[in-house]
1. Helix check for the chain. Which DSSP H runs span at least 15 Å along their own axis by Cα, with a mean Kyte-Doolittle hydropathy no less than 0.0?
2. So how many Å³ per residue does the convex hull of the Cα atoms of the chain work out to?
3. What distance in nm separates the two pseudo spin-label positions at residue 232 and residue 218, each 7 Å out from Cα along the beta-carbon direction?
4. Can you tell me the FRET efficiency between residue 59 and residue 180 if r is taken as the Cβ-Cβ distance and R0 is 41 Å, rounded to the nearest 0.05?
5. How long are the semi-axes of the equivalent ellipsoid of region 143-203, defined as square roots of 5 times the Cα gyration tensor eigenvalues? Whole Å, largest first.
6. Report the extension gain between residue 170 and residue 262 in nm, rounded to one decimal, defined as 0.36 nm multiplied by the number of residues separating them, less their alpha carbon distance.
7. Would you kindly state the longest site-free stretch of the chain, with sites defined as trypsin sites (Lys or Arg not before Pro) in a DSSP loop (not H, G, I, E, B) surrounded by at most 10 other Cβ atoms within 10 Å?
8. What number results when the radius of gyration of region 1-77, computed over Cα atoms, is divided by 2.2 N^0.38 Å?
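No value in this document is a laboratory result; all are computed from the given coordinates. None of these values were measured; they are calculated from a predicted model. All Cβ positions, glycine included, derive from the backbone under ideal geometry; neighbour counts span all protein chains shown.
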Amino acid sequence: MDVASPLWENVPAATWRDRWRVPDVILLARTASTNDVARRLADAGAPAGTVVIADEQTAGRGRFGREWIAPPGCSLLLSIVLRPGQADLAVRLPSTASIRVGLAAARAIEAGAGVKTALKWPNDLIIPGRGKVAGILCEGSTAPDGDPWVVAGIGINIGQTADDFPEELRAVATSIRRLTGRVPSRAAIAGPLLDALRPYRLRDLRPLQPDELQDYVRRDALRGQHLRAEGESGIADGIAADGALRLLTRQGIRFVRSGSVRPATDSTDSRLPLLQPAGTPPKPEPENCP
Ligand code: BTN
């Protein structure tokens, strides 16, 4: 059951709404998933830019229905309603929306926490050698009145210590605290994130533009890696304007549009680099989540 919250970071929803220049902000102390709340609102006609934020999710999810776990108050857990104004979501949604939101989140982490952030296709935000710091889950559908919507859910790990992650994730997940020893307020990242998302609230799902592709190139954590995806193995060669991953295979360029990628293990080319660069040792961590 949803538990409403009058404040987030000690500030009421109406103040965030005005500060962020969005039509509405729903603050929840606890919910199953902010994406579920935003989906219901989108179906009921909520305007583009409507924001849902929770302190805690009891059934937060990532791609492929994987769990997204975060202790209360430790993460930015935010979903936003986007209205792309096109009906062919099923064809065009998967990559362009998720990549645009990923670019926006990477810029926000840099602005709010000073941490240079890379993108691992299709939806992971990583700090090379240190682990995944955030994830994006874009879900799209068409409301009963026929208006298509996209809900972009963003989870950014901010205040977690190593112990806050399940043991099996400790080596591959990180947080702003683990990276910098500091805990910025969640609002310090939410503000730049919502600013960066403003142009996309009503933007169609047209192909990625040259400036977006350029930003992606700077942040591309996979370029040059030998990967396996959709049964093909090849060298990652950036993304196409529709958001597909370009894979250079022996048979030519293949475009990967779904699923996930993993390091190729059947390399016949010993010059190919490995997916994970060697990690740098983590800094000592200060105490406790808020
Ligand atoms: C992934 O890495 O697979 C995506 C993770 C997305 C998590 C966020 S947290 C806010 C929103 N609510 C959810 O249930 N999921 C997204």
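1. Working: long enough: 89-113 (35 Å, 0.86); 186-197 (16 Å, 1.09).
Those that pass (Cα extent of 15 Å or more, hydropathy at least 0.0) are 89-113, 186-197.
2. Numbers: hull volume 37.1 nm³, N = 290.
For the chain, the hull spanned by Cα atoms encloses 128 Å³ per residue.
3. The answer from the label model is 2.9 nm.
4. Working: r = 30 Å, r/R0 = 0.72.
For residue 59 and residue 180, the calculated efficiency is 0.90.
5. Values: eigenvalues 197, 55, 12 Å².
Semi-axis lengths for region 143-203 are 31, 17, 8 Å.
6. 31.2 nm
7. Numbers: sites that count: 21, 250, 271.
The answer is 22-249.
8. On the way: Rg = 12.4 Å, N = 77, 2.2 N^0.38 = 11.5 Å.
Expressed relative to 2.2 N^0.38 Å, the Cα Rg reads 1.08.
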